[in-house]
Amino acid sequence: MFNIALIVTGAVVVLALIFDFINGFHDTANAIATSVSTRVLTPRAAIAMSAVLNFLGAFISVKVAKTVGSDLVDPTSIPQTVIIAALIGAITWNLITWYFGLPSSSSHALIGGLLGAAMMFSGSFSIVNWINFFDRVLLWLFLSPVIGFLTGLFFMTALNWLLRPVRPTTITRVFSKLQIVSAALMALNHGANDAQKSMGIITMALVSGGLLAEFYIPLWVKFACAIAMALGTSVGGWKIIKTMGMNMARLAPINGFAAETGAAAVIFTATMLHSPVSTTHIISTSIMGVGAAKRFSAVRWVVAKDIVWAWVLTIPIAALISAFLVIIGRWLF
């Protein structure tokens, strides 16, 4: 029995690290799309910087990991097979959206998968801590895109007003350097929020399998998740980089700086409030806000509409996929 528990736990760890790796290359665009599109950084340099800072960011906090791993569903109330179904559901949706070049949320795919699998297993809605879900997930699901848009709009409007007397060539030269700093901040905060989700899900499996008496993040879990995300980031998701950095709005270095700085500030705030937000939602809407500061027609709203649909569908579709996998598991075993 003990060996079986170890095998199942190993399967969860492998799937969680695969999810983390996919999250890394799926969300590479979050940190570097604007830097690449404005030609401030070469793709190779941008990805290398993002990978290193994603790794370092994973060690900033464990608050988001606790939300995902213990505050939405009690780890002792579900078996590890439910966690496996949740991970497969999230990975499936991530690959679908990556294939179509849509910057959907890996975070919400994982949460949707976890909720769908847990509710199907228990046959009850009460297995989910809905207060924490509404407070830390659903509220931020709706607020973070709005905050991201307004932050990008505010930063860009303020910069336009402050730099009116400055020559455009000087602005471009200065912000070509500053955008490297803003991209670094974005990558660091992306790692701080996103890598924690896999940490939380692995620790959840360890508690569920009786390998941990209480919820805390072992050091090896932090390292494994940080490395998996950094490796995934090093691969790069070029379709999504193109969608975010080039298809939504035409960006100059000052625009990229405003979008990245605003998004990084919002993500940092959410991380400190234990909220597993979508870094994709925030940087995407921050780019839209920056584009709208010039004029609303500067944003390609047709592309934005497709992205919003991917956001809306992520949690319910990931939940349905994972719930279906639980049903299949019961039928097979």
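Nothing in this text is a laboratory measurement; each read-out follows from the coordinates by a stated rule. Just so you know, these numbers come straight off a predicted model, no measurement behind them. Virtual Cβ from ideal backbone geometry, glycine too; neighbours counted across all protein chains shown.
Computed over the chain, the per-residue total of -39500 (n - 2.57) for DSSP H runs of n ≥ 4 gives a 222 nm mean residue ellipticity of -25000 deg cm²/dmol, rounded to 500. Converting phi to 3J(HN,Hα) with the Karplus coefficients 6.51, -1.76 and 1.60 and the offset θ = phi - 60°, region 81-96 yields 4, 5, 5, 4, 4, 4, 5, 5, x, 5, 5, 4, 5, 4, 5, 4 Hz in sequence order, with x at every glycine or proline. For the chain, a Gaussian network of Cα nodes joined below 10 Å ranks Arg164, Arg136, Arg173 by mean-square fluctuation, and the top entry is Arg164. GNM, the chain, Cα, under 10 Å: largest mean-square fluctuation among Ala51, Ala183, Ala252? With Cα springs under 10 Å in the chain, the top fluctuation among Ala51, Ala183, Ala252 is at Ala252. Given the choices (1) 20.6, 60; (2) 20.8, 64; (3) 19.7, 73, Rg and Dmax of the Cα atoms in Å derived from the coordinates of this structure is entry (3). Can you sort Tyr99, Tyr216 from fewest to most other Cβ atoms within 10 Å of each residue's own Cβ? Ordered from fewest to most neighbouring Cβ atoms within 10 Å, Tyr99, Tyr216 come out as Tyr99, Tyr216.
Note the angle between two axes, namely the Cα long axis of helix 253-272 and the longest principal axis of the Cα atoms of the chain, as a number of degrees from 0 to 90, rounded to the nearest 10. For 253-272 against the chain, the angle is about 30 degrees. Largest GNM mean-square fluctuation across Thr169, Thr271, Thr280, computed for the chain with C-alpha springs under 10 Å, falls on Thr169.
Take the Cα of Asp74, step 7 Å toward its Cβ, do the same at Phe142, and the gap between the two points is 2.9 nm. Contact order, relative form, for the chain: 38 percent (alpha carbon pairs under 8 Å, 6 or more residues apart, mean separation divided by residue count). Stretching the chain fully between Asn129 and Trp220 yields a gain of 30.0 nm (0.36 nm per residue, less the alpha carbon separation).
Once the Cα atoms are used to define both axes, helix 28-37 deviates from the longest principal axis of the chain by about 20 degrees.
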